[in-house]
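Take a look at the structure below.
Just so you know, all these numbers are worked out from the coordinates, no wet-lab data involved. Quick caveat: nothing in here was measured; it's all calculated off a predicted structure. For neighbour counting, all protein chains shown are included, and Cβ atoms are generated from backbone atoms with ideal geometry for every residue, glycine included.
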Amino acid sequence: MAGLRELYQETILDHNKHPRNFGRLDGASHHAHGHNPLCGDRVDVYLQVEDDRVVDVAFEGDGCAISTASASIMTDVLKGRSLDEVHALFARFHELVTTDAELPEELGKLAVLAGVREFPTRVKCATLPWHTLEAALRNEADATTE
Ligand code: ZN
């Protein structure tokens, strides 16, 4: 397991250092701002949704390595997905980081964040970008995790 954990760690550090899809999305159809007071993470998520499909997604923000890597991986994974797939992925991702269940299937690179389940205070860092995304899709401007 140690080798796998190191690989996960490296992937998280890489996404933190070189976040994918970082920046504002001009003409976004959906946007929300998220804040995790526990850690101080802040993230803005932008989406371009057409015909119930995410055609583009981006984020910007200022947060810890876990929240930045999670947002980066999330945007990477969600581009091109239908909204039904997006909601289903969020449910599986939430299960991944909050339960002891075996890794749900079809998570792909999201699985690198499984390690946060051992650190309950970091779970909100990992889920903040997702809560912000869901808020944006509900046309809510703000997502603050309690
Ligand atoms: Zn954090």
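Give the separation of the Cα centroids, segment 63-138 to segment 25-48, in Å. One Cα centre to the other: 15 Å. Karplus-derived 3J(HN,Hα) values for segment 43-59, using 6.51 cos²θ - 1.76 cosθ + 1.60 with θ = phi - 60°, are 8, 10, 10, 10, 9, 10, 10, 9, 6, 6, 9, 7, 8, 7, 8, 8, 8 Hz; glycine and proline are entered as x.
Note on L13 and D84: the model spin-label points, each 7 Å out from Cα along the C-beta direction, lie 4.1 nm apart.
Take every DSSP beta bridge whose two residues both sit in the chain, then give the antiparallel share in percent to the nearest 5.
Working: 17 of 21 bridges.
Roughly 80 percent of the DSSP beta bridges within the chain come out antiparallel.
The phi-based Karplus calculation (6.51 cos²θ - 1.76 cosθ + 1.60; θ = phi - 60°) puts the 3J(HN,Hα) values of segment 110-116 at 4, 4, 5, 8, 4, x, 5 Hz, whole numbers, x for Gly and Pro.
Building the convex hull from the alpha-carbon atoms of segment 7-86 and averaging its projection over directions returns 5.4 nm². Dividing the helix sum by the residues of the chain, where each DSSP H run of 4 or more adds -39500 (n - 2.57), gives a mean residue ellipticity at 222 nm of -14500 deg cm²/dmol. In this Cβ point-charge picture (+1 for Lys and Arg, -1 for Asp and Glu), segment 2-144 has a dipole of about 340 debye about its Cα centre. Is the chain best put as rounded, prolate or oblate by its Cα gyration tensor, with a ≥ b ≥ c the root eigenvalues, rounded for a/c under 1.5, and otherwise prolate when a/b is larger than b/c, oblate when not? In terms of gyration-tensor shape, prolate.
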